[in-house]
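Undergrad: Let me begin by handing over the structure; questions about it come next.
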Amino acid sequence: NVTYTFNKASNPTAEQLAAYARLQIAIDSAVWYANNYTSAVKHVWVNYDPAVPTAAANNEGWMRFGASSSYQNLRTMLHEMNHTFGTGTTSWWSGTAISGGKYQQSNANLILQQINNNATAQLSGDSQHWWPYGLNQNSEVSSSWDYVYNCLIIEAMRKDGLPAAGTYNP
């Protein structure tokens with residue numbers, strides 16, 4: 001299961017309290033999606049850091065969210081959680097999963113083909129991100145199904161060998 005620690009100031013300002021409220025909804029929702037649609041095992045740390053321009057995460061589980069409320073949401077939280085799982089943050093990602101702008105492993109591409117009802121669909125990616133359903137921008141979300149699809153693809157990536165989200169056990 002995915003669990004979290006939310007690091008908060010002991011005497012928060014009004015700005016921090018507002019950000020904490022938005023981020024609390026986002027992390028609770030993201031953990032719910034991850035725990036219901038993946039078998040990932042990860043502990044993450046949520047941090048509000050106004051110096052961060054958007055949001056950032058590493059594969060050790062550390063996530064930081066900046067001052068802009070447009071990034072303090074479920075879409076960004078799941079996207080950053082993907083980075084803690086190893087997308088764009090591990091040598092497996094850059095050395096095995098992505099080559100020539102395309103995701104090279106079979107399971108995630110198969111689930112994308114099923115989602116899109118397109119036998120030739122293939123995930124695209126770069127050194128940090130993947131698409132479609134990588135939740136890279138707010139504009140990519142048209143319904144809650146996009147969060148489900150994101151998690152189903154992450155689960156398939158785990159089956160493909162995504163290393164930082166716990167051992168895959170079918």
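Undergrad: Do you know which of the residues in the range 1-15 that are touching a strand residue (DSSP E or B) at 6+ places or on another chain (Cβ under 6 Å) and without any contact (Cβ under 8 Å) to a residue 60 or more places away in the chain is farthest from VAL44 (Cα to Cα)?
TA: As a first pass, look at the range 1-15 and keep what is touching a strand residue (DSSP E or B) at 6+ places or on another chain (Cβ under 6 Å): 2-7.
Keeping just the survivors that are without any contact (Cβ under 8 Å) to a residue 60 or more places away in the chain gives 3-7.
Details: THR3: 6, TYR4: 5, THR5: 6, PHE6: 9, ASN7: 11 Å.
Only one residue tops the list, namely ASN7.
Undergrad: Out of curiosity, is MET77 touching a residue at least 60 places away in the same chain (Cβ under 8 Å) and under 12 Å from the mean Cα position of the chain (by Cα)? Before you say what the answer is, go through the steps one by one.
TA: Values: touching a residue at least 60 places away in the same chain (Cβ under 8 Å): no; under 12 Å from the mean Cα position of the chain (by Cα): yes.
No; evaluated as a whole, the condition is false for this residue.
Undergrad: Those residues that are open to solvent by 50 Å² or more (accessible area, probe 1.4 Å), out of contact with any His (no Cβ under 8 Å at 6 or more places or on another chain) and either in a strand (DSSP E or B) or modelled with pLDDT under 95 (or both), I need them from the range 4-21; list them, please.
TA: If the condition is that a residue be open to solvent by 50 Å² or more (accessible area, probe 1.4 Å), out of contact with any His (no Cβ under 8 Å at 6 or more places or on another chain) and either in a strand (DSSP E or B) or modelled with pLDDT under 95 (or both), then ASN7 is the only one that fits.
The values are calculated or read from the model by the stated rules, or taken from the named source; none is laboratory data. Because the structure is predicted, anything quoted here is derived from the model rather than measured. Backbone-built Cβ (ideal geometry, glycine too); neighbour counts: all protein chains shown. We work out accessible area using only protein heavy atoms, side chains counted, and drop any ligands, DNA or RNA first. Shrake-Rupley method; radii C 1.70, N 1.55, O 1.52, S 1.80 Å.
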